[in-house]
Every structure is written in C-alpha cells, then in structure tokens.
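Structure, as structure tokens:
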Amino acid sequence: MAHDAPSSSFPLGRLLHVLRLTAQMPPPRRPPLPSHADSLPGCFLPLSWSACAQCCVDLKSCQTASIVTADASAQVRNHADAQVQTEALEPVSVQPPSRCDIPRLAAFLRRVEAMVIRELNKNWQSHAFDGFEVNWTEQQQMVSCLHTLGYPPAQAQGLHVTGISWNSTGSVVACAYGRVDHGDWSTLKSFVCAWNLDRRGLSPRQPSAVVEAPSAVLCLAFHPLQPSHVAGGLYSGEVLVWDLSRPEDPLLWRTGLTDDTHTDPVSQVVWLPEPGHSHRFQVLSVATDGKVLLWQGIGTGQLQLTEGFALVTQQLPRSTKLKKHPRGETEVGATAVAFSSFDPRLFILGTEGGFPLKCSLAVGEAALTRMPSSVPLRAPAQFTFSPHGGPIYSVSCSPFHRNLFLSAGTDGHVHLYSMLQAPPLTSLQLSLKYLFAVRWSPVRPLVFAAASGEGDVQLFDLQKSSQKPTVSIKQTQDESPVYCLEFNSQQTQLLAAGDAQGTVKVWQLSTEFTEQGPREAEDLDRLAAEVAT
C-alpha cells in the first residue's frame, strides 16, 4: 500500500546525515556565569554553543578614595571616689509640753538655795583632791642623765667641781675646779671649763672653752645678759671676770691683790644690776673674812670697789636663840648669799656660825671695823635667824614668795625660813653628812633640790610630801660628795650637779618637776602663813 509523502520538502537522507555528525561532535562549553548568578534562584538563560563562542567578556573594577583614619585616647590625671550614705531617719517624737507647777518649783528652789550654796562653798574649800591628776599616758621616767662632763687634766690633779653656772641662753654650762678641803691647793693652777650642750658633736671630755686660773676657783656666776661673760671667786681672795668667747686672752677684769681684796677665800659671787641701769651690772662677792664687796669693771682691765659692807659681831641683831660668840671675835665669816626676787636690795647671808642673816644694801650705818678699805664699810645685817648646828654652806630665796628662803649646812638639815620670824617653819634632815647646796626650782613653787655629802641629789616636792624627797638621784657611786647644783632657768627641764670626782652631770627632769600643779601657789602662801605667834 502506498504511504503518503511528508509534507516537508527537506530530504530524509540529508536529515539523517546531519544527525550523525551532530552525535560525533563534543558537547558545547558553557561560559562561566557571574558569581552572583548562583544567588539568583530560578534564573537560567540557555545559550547555544555557537553563540558562546562569539562572546567577549571584559572585567572591570572600581574603588572609592582612600579613607583616612586616626586613633586617639584620653585619660584624666586625677580621680577620686566618694561614697555617701545617710543614716536611717528616726521618727522624731514630739514630747507633749510639760505640765509643771511653776509656783511650787520656785518655792522649792528658794527653800533649798541657802543649803546648796553652803555645800558648794564647803566643797570649794576642800583639799581632798589637791594634787590629783588623771594620768592618761604611761608614766615617764622622772629623772634621767643626759650628759656626764669632765676635764681630764683637772681630774688628774684631784680637783673638785666647786661651782656651776648656766649662761643666759641656757645652752652653756660652766664649772669651776678647786678644792673644798683647802690645804695647800691654793698654790696650784686651776680651771674654768664650759660646754655648749647645743653644739653638734658635743665631746663630754673636751670642753668647748677652758680658762686657766692662778688659784683654786671656789664659785662661779654667768652674766645675766652677756652669754660669754663669767665671774669667778678664787681661794686667794681675788675676783676675776672672763670672756669665754676670747680663747687667746679671756681675762676681762680682776680685783688684783690690793687692800680692797678679800683676805680669805671667796665663797660666792653674784651679778647685780646697777641702780638706775637695768643693762649694766656689778659683781658682788662674799668671803669668810666678813666682807661683802661690790665691784665695777673699768676699761683698764681692773675691777674697782664701789661699795663695801662688813659683818661685825657687835652689830648683829640678837635673837633669843643666838649663841654668844667668844670674846675677841669681831668679824663674822660669810659663806653664802642669796638675793630676794622681789627686792633687789634685800639679801640673805649664810655664816660660819650657822645662823642666817637678813641684810640690805640700803643701810647707812658704818661698820665697826678696822679692816682697810678704799670705801667706807657699812653694817648690812638687819635680822638674825635661829642657827643650824654648824656652818651654812648654801642659801636660796624663793622666786615665788617674798618671805621664804632655804638654808643648808654641815648638820645635814635643810631649814625653811620665813623672813618674819627667827625660828624655821620646818626642818628636814636629808643627810647624815654635810649638805653643800640647796636651790629652789625656778618654775615650781614647791620644788627644791639639795646636794649631799653622801653623793646624792635629792628633789623635794612639798605638795606631795613635806618629810621625804620625791626622788633621790645617785650622782656618785662611791658616795663622794656633791658640792654644787643649779637649775636651768631657760631650759627648765635641765639640772646640773658637780661632785668631788671632778664630774658634772646634767639631769633631765620630767614634767612632774617642771609643770605647776593645781593650787600650788596657794599652798605656798599657806605654808608661808604658818608663822609662829
């Protein structure tokens, strides 16, 4: 049966030939798509291999302008943290107004007023708690040794420290070297030595100033205003004044060996202001020859006698307990002197006879004596006190009361006198041997110190006890005597004492001895008022 021919005019053989060639050729390569084409879902563009072969791909890139960056840091220098927290507020309760009976309260107060005032006055006058102080700190040592000073050449000669003085600044302490047991020591040279305690590198065995003296020096006193001027009294009877700031030529003035000079050893020297001249001073000296002399320095290097006094037995005011003197004895040896802090013309003399004398520079009565003198000698004694059991070595006037003074002597007793009566107010036995020095404290009205022949320095506080010392300081271990002592009026915590070993010890006192206690001045007045009727 015959089939119908296809409607196309393309021959079948040719079509088969094309198909065969197509099957033999490799498959066409697809060009790579852009990278973002993978992220386009459902998007596909079929390309024929012939068309891909003719495609040209150009790659382009672009970039923005460079961005400039910079790093910076900042930090504050100081910072502080603070926390504040308030306390919980408590509700303030409002008290209802008191309902007191004003008229009855006023009547009660008027009724008890007199009784309350009476009890308050009684309590005010009570002394039950006098001297009581609350101690909130640990008790400090009452006395301690700061310095032990000495001059080896003087100690090698066996010389004693016979006098001590502090200068006007309180920083320099000077001592006199001599012998208390006179013997033949007057022919030997002696020394005055000084140490500046404020100087850096202080050498206890090397004084900052050394002065040689032609005879044993028995007493010493610094000028009240000139820190380097010091006066000394010698065993030979001379009085000398040195300037310690002139090491090559320290001697300023001397009395010389004239008719005016003392004929016995000088017991004590004191600087006194000239009448009408508060800045000009004279030197007063006392000696066992019975003379009290006033010296004035002149430009020629000499001390000139300006006033003189003599103690004569016949002119001494008598007291009921004063012993009669042997017939033929006229002069009374002066062994110590102390001037009143309230009357510059009034002074107390200690004597070899053991009785203190109240004297005055203002007297006009001539002394009944034939002792040679370039000026008229006057009789200074005005009142005689009851005596010690032996010679007096030291007297001291109270700086806080015009009528009180202390005396000490060979009987080992300290007597407290009032200038208003002959018998002592009290007598204290401090030593079985001699007492060589006694001094009131310059800052405590009821404190004084005494130097004994047993090697002790005893400090008394009469506010604590009137019978025994508050502190007893062992100055020498072999119980050799302590001959002199002085409080420092500028550096009030310092006390210096010199002994028979040739040693000066500087003691530091605690505040118990430098600060006034309650009502201390009133207690001193009460003590002075106990005058025998």
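Each residue of region 441-455 is assigned a 3J(HN,Hα), and the resulting list reads 5, x, 10, 10, x, 10, 10, 8, 10, 9, 10, 10, x, 9, x Hz, derived from the Karplus form 6.51 cos²θ - 1.76 cosθ + 1.60 (θ = phi - 60°), x at Gly and Pro.
Taken as Cα centroids, region 343-409 and region 457-533 sit 24 Å apart, rounded to the nearest whole angstrom. Among the listed pairs K433/K468; K189/K358; K433/K505; K291/K358; K468/K505; K122/K464, a Cα-Cα separation exceeding 26 Å is found for K189/K358. What does the C-alpha gyration tensor say about the overall shape of region 376-456? Classify as rounded when a/c is under 1.5, otherwise prolate if a/b is larger than b/c, or oblate. The shape class here is oblate. For region 341-358, the Karplus equation 6.51 cos²θ - 1.76 cosθ + 1.60, evaluated at θ = phi - 60°, returns couplings of 7, 10, 9, x, 9, 9, 8, 10, 10, x, 10, 5, x, x, 9, x, 10, 8 Hz by residue, with Gly and Pro reported as x. Out of every Cα-Cα pair in region 225-286, what percent are more than 17 Å apart? The calculated P(r) of region 225-286 puts 44 percent of pairs beyond 17 Å.
The H on the amide N of K433, modeled in the peptide plane, is under 5 Å from the matching H of G453, each at least 5 residues off or on a different chain. Ellipsoid semi-axes for region 183-292, based on the Cα gyration tensor and the rule √(5λ), read 24, 20, 11 Å when sorted largest first. Taking amide hydrogens as placed 1.01 Å from N in the peptide plane, the amide H of A287 sits under 5 Å from those of S267, A334, each at least 5 positions away in sequence or on another chain. Solvent exposure of C219, expressed as accessible area, is near 10 Å², computed with a probe of 1.4 Å over the protein chains only. Taking the charge dipole of region 306-448 about its Cα centre, with +1 at Lys and Arg Cβ atoms and -1 at Asp and Glu Cβ atoms, the residue from A422, F339, W440 reaching farthest to the positive side is A422. Less than 5 angstrom separates the built amide H of G354 from those of I392, all sequence-distant by 5 or more or on a different chain. Relative contact order of region 221-312, taken over Cα pairs closer than 8 Å and 6 or more residues apart, is 22 percent. State the extension gain, in nm to one decimal, for the chain segment bounded by T148 and A107, taking 0.36 nm per residue of separation less the distance between their alpha-carbons. Extending this stretch completely gives an extra 7.5 nm. Applying 1/(1 + (r/R0)^6) with r as the Cβ-Cβ distance of S203 and H279 and R0 = 35 angstrom yields a FRET efficiency of 0.55. Remark on region 316-439: ratio of C-alpha radius of gyration to 2.2 N^0.38 Å is 1.05.
Placing +1 on the Cβ of every Lys and Arg and -1 on the Cβ of every Asp and Glu, with no other charges, gives region 492-533 a dipole of roughly 200 debye about its Cα centre. Using just the C-alpha positions of region 202-257 as equal point scatterers, what log10 of I(q)/I(0) does the Debye formula give at each q in 0.30 1/Å? So the normalised log intensities work out to -1.30. Its Cα centre serving as origin, region 423-533 has a Cβ charge dipole (Lys and Arg +1, Asp and Glu -1) of approximately 60 debye.
Answer with one residue from L244, A287, C219: the one whose Cα lies farthest towards the positive end of the charge dipole of region 141-292, charges on Cβ with Lys, Arg +1 and Asp, Glu -1. Farthest along the dipole direction, towards plus: L244. Converting phi to 3J(HN,Hα) with the Karplus coefficients 6.51, -1.76 and 1.60 and the offset θ = phi - 60°, region 286-303 yields 10, 8, 6, 7, x, 9, 10, 10, 10, 10, 10, x, 10, x, 7, x, 10, 8 Hz in sequence order, with x at every glycine or proline. Residues H415, H277 ordered from highest to lowest accessible area at a 1.4 Å probe: H277, H415. Rounded to a whole number, what % of the accessible area of region 293-442 do carbon and sulfur atoms account for, probe 1.4 Å? Reported share for carbon and sulfur atoms: 52 percent. Assign one of three labels to region 409-533, namely rounded, prolate or oblate, based on the Cα gyration tensor with a ≥ b ≥ c the square roots of its eigenvalues; rounded applies when a/c is under 1.5, prolate when it is not and a/b is larger than b/c, and oblate otherwise. Note, shape of region 409-533 comes out oblate.
The values are calculated or read from the model by the stated rules, or taken from the named source; none is laboratory data. Computed from a prediction, not measured in an experiment: that's the story for all the values here. Neighbour counts are summed over all protein chains in view; Cβ atoms, including those assigned to glycine, are modelled from backbone coordinates with ideal geometry. Ligands, DNA and RNA are stripped out before the accessible areas are found, and what is left, the full protein with its side chains, is counted by its heavy atoms. Shrake-Rupley method; radii C 1.70, N 1.55, O 1.52, S 1.80 Å.
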